[in-house]
Amino acid sequence: MAEGIIGSFFTKINNEVEKQMNDDLKKFGINANELEMLIELNHHQHGKTFEKLAKELHVTNDKVKSLTKKLAAKDLIRVDDDTVIETEAGKDLCKKVEKHRAETDQTITGMLSKDEILGLVNVLKKMLKSSEDNK
């Protein structure tokens with residue numbers, strides 16, 4: 001019975017978290033997907049290729065290209081020879097938004113014990129690893 005509802009729960013939780021993040025991020029002029037790309041680029045000063053970003057963000061190359069167009073139009077990233085690089089404006093925005101990401105995590109974990117949080121993190125890591133291995 002649990003197998004039939006787990007996927008539904010993940011979809012609903014994902015939608016709620018994304019909705020909350022998007023509402024919080026409106027004042028910064030970006031959405032949750034754009035933030036994830038900026039955060040990923042923030043850890044790589046020389047940028048990343050479209051393919052590597054797609055793999056790290058668990059999205060398609062087309063989704064990365066769509067996000068890239070939006071972020072480049074906002075001068076938060078630039079593209080050099082198929083490598084996406086965060087601009088200074090992107091780095092600054094990323095720093096400002098980190099607080100909101102921490103608040104979202106707190107909303108999610110605030111109702112859980114430390115053991116439950118650890119268990120949840122381990123399960124989510126295992127699921128991501130499994131999905132990567134099956135590609």
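Result for the chain in a Gaussian network model with C-alpha springs under 10 Å: among 22, 33, 122, the largest mean-square fluctuation is at 122.
Would you calculate a helix-derived [θ] at 222 nm for the chain, using -39,500 (n - 2.57) for each DSSP H run of n ≥ 4 and dividing by the full residue count, to the nearest 500?
Numbers: 6 runs with 98 residues, N = 135.
-24000 deg cm²/dmol, from helical runs alone.
Between the amide H of residue 84 and those of 48, 49, 50, distances stay under 5 Å, these residues lying 5 or more places away or on another chain, with hydrogens modeled in the peptide plane. A simple spin-label model places the labels of residue 55 and residue 124 2.3 nm from each other, with each point 7 Å out along Cα-to-Cβ. Ignoring aspartates and glutamates fewer than eight residues from residue 63 along the same chain, the ones with Cα atoms less than 13 angstrom from its Cα are 34, 36, 51.
Of the whole protein surface, residue 127 contributes about 90 Å² of accessible area at a 1.4 Å probe radius.
Per residue, the convex hull spanned by the alpha carbons of region 83-135 comes to 96 Å³. A simple rule links phi to the HN-Hα coupling: the Karplus curve 6.51 cos²θ - 1.76 cosθ + 1.60 with θ = phi - 60°, which for region 28-44 gives 9, x, 9, 10, 4, 5, 5, 4, 4, 5, 4, 5, 4, 5, 4, 8, 9 Hz, with x for Gly and Pro. The Rg/Rh ratio of region 7-134, with Rg taken over Cα atoms and Rh as the Kirkwood radius over Cα pairs, comes to 0.98. Residue by residue, region 80-97 carries 3J(HN,Hα) couplings of 10, 6, 6, 10, 8, 10, 6, 7, 4, 4, x, 5, 5, 5, 4, 4, 5, 7 Hz when phi is fed to the Karplus relation 6.51 cos²θ - 1.76 cosθ + 1.60 (θ = phi - 60°); x denotes Gly or Pro.
Within region 1-113, what whole-number % of the accessible surface is contributed by carbon and sulfur, with the 1.4 Å probe and all protein chains included in the calculation? Mind dumping the intermediate values first?
Values: 3800 of 7330 Å².
Carbon and sulfur: 52 percent of the exposed surface of region 1-113.
The long axis of helix 2-25 is offset from the longest Cα principal axis of the chain by roughly 40 degrees.
The values are calculated or read from the model by the stated rules, or taken from the named source; none is laboratory data. As the structure is a prediction and not an experimental result, all values here were calculated from the model. Note that each Cβ is placed from the backbone with ideal geometry, even for glycine, and that neighbours are counted across all protein chains shown. Side chains included, ligands, DNA and RNA excluded: accessible areas come from the protein's heavy atoms. Shrake-Rupley method; radii C 1.70, N 1.55, O 1.52, S 1.80 Å.
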